Amino acid sequence: GIWQFMPKTAAKDLKVNALIDERYDPLKSTRAAAKFLKANYERLGNWSLAVMAYHQGPGLVQRAVQKLKTSDPVQICRSFSDPQFQFASRNYLFEFLAILDVDAVHGLFFKTGAIPDLPSFITVSFQKDRSLLQVIQQLKLNEAEIKLLNPHLLPPLWTGKSNFPAHYPLRLSGISLEEFRKAFML
């Protein structure tokens, strides 16, 4: 997903299983990334260290601070020695800062233009497991739009090999909440 969560880290705040991988849901994964970054900040007391810990984990960064007796990320990158703290870990903060600089002047690097809007949608759930394909067909919805709104739903749900789980939120476009309730008599 966009925030590059490893399965173990993702499991704290996101659902990851054979049917659903919320690491691919931009809304849920962004909230989880912000929560993780905030927890790193609260543990380490420094935003630069929190960003470093986003990549490597707060334990290793905390060990570096204690060993070197400094919270200076430049000193840590120059002086901390650990088999887990290699090129990617040493450079993660500086890559993050570089992308912030690029973003500040993104027009110099990227074409500007209209960004297409997501279709408007409602969020619903079902009382029992259902075939997602049958729901889409019954409601005469655009499958491509539903896939766009639900990138975290994995192939077994789209191929009909597994049913969509009860009580799990689903984003639908092309239908009002009233129409949905009427179709499923809710």
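The values are calculated or read from the model by the stated rules, or taken from the named source; none is laboratory data. In this text the structure is predicted, and so the values were computed from the model without any measurement. Quick reminder, even Gly has a Cβ in these numbers, built from the backbone with ideal geometry, and neighbours come from all protein chains shown. The area values use the complete protein model at the heavy-atom level, side chains included, leaving out ligands, DNA and RNA. Shrake-Rupley method; radii C 1.70, N 1.55, O 1.52, S 1.80 Å.
Structure above, values below:
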quantity	calculated
Residue tally, condition on the phi < 0 side of the Ramachandran plot, of a type outside the set (A, V, I, L, M, F, W, C) and over 20 Å from the mean Cα position of the chain (by Cα), over region 154-171	6
Looking only at region 87-130, and only at residues there that are over 23 Å from the mean Cα position of the chain (by Cα) and β-branched (Val, Ile, Thr), the one that is modelled with the lowest pLDDT	Thr112
Failed item in (1) within 20 Å of Tyr24 (Cβ to Cβ); (2) of a type in the set (Val, Ile, Thr); (3) out of contact with any Phe, Trp or Tyr (no Cβ under 8 Å at 6 or more places or on another chain), with Ile175 passing the rest	(1)
Residue ranges of helices (runs of 4 or more DSSP H) in region 5-121 with at least 2 members among the aromatic types (Phe, Trp, Tyr), farther than 30 Å from Leu172 by Cα and touching a residue at least 24 places away in the same chain (Cβ under 8 Å)	87-104
Yes/no for Glu178 being acidic (Asp, Glu) and open to solvent by 100 Å² or more (accessible area, probe 1.4 Å)	yes
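Yes or no, residue by residue, for (1) more than 17 Å from Val65 (Cβ to Cβ); (2) open to solvent by 80 Å² or more (accessible area, probe 1.4 Å):
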{"residue": "Thr9", "(1), (2)": "yes, no"}
{"residue": "Lys12", "(1), (2)": "yes, yes"}
{"residue": "Leu19", "(1), (2)": "yes, no"}
{"residue": "Tyr24", "(1), (2)": "yes, yes"}
{"residue": "Asn40", "(1), (2)": "no, no"}
{"residue": "Leu44", "(1), (2)": "no, no"}
{"residue": "Leu49", "(1), (2)": "no, no"}
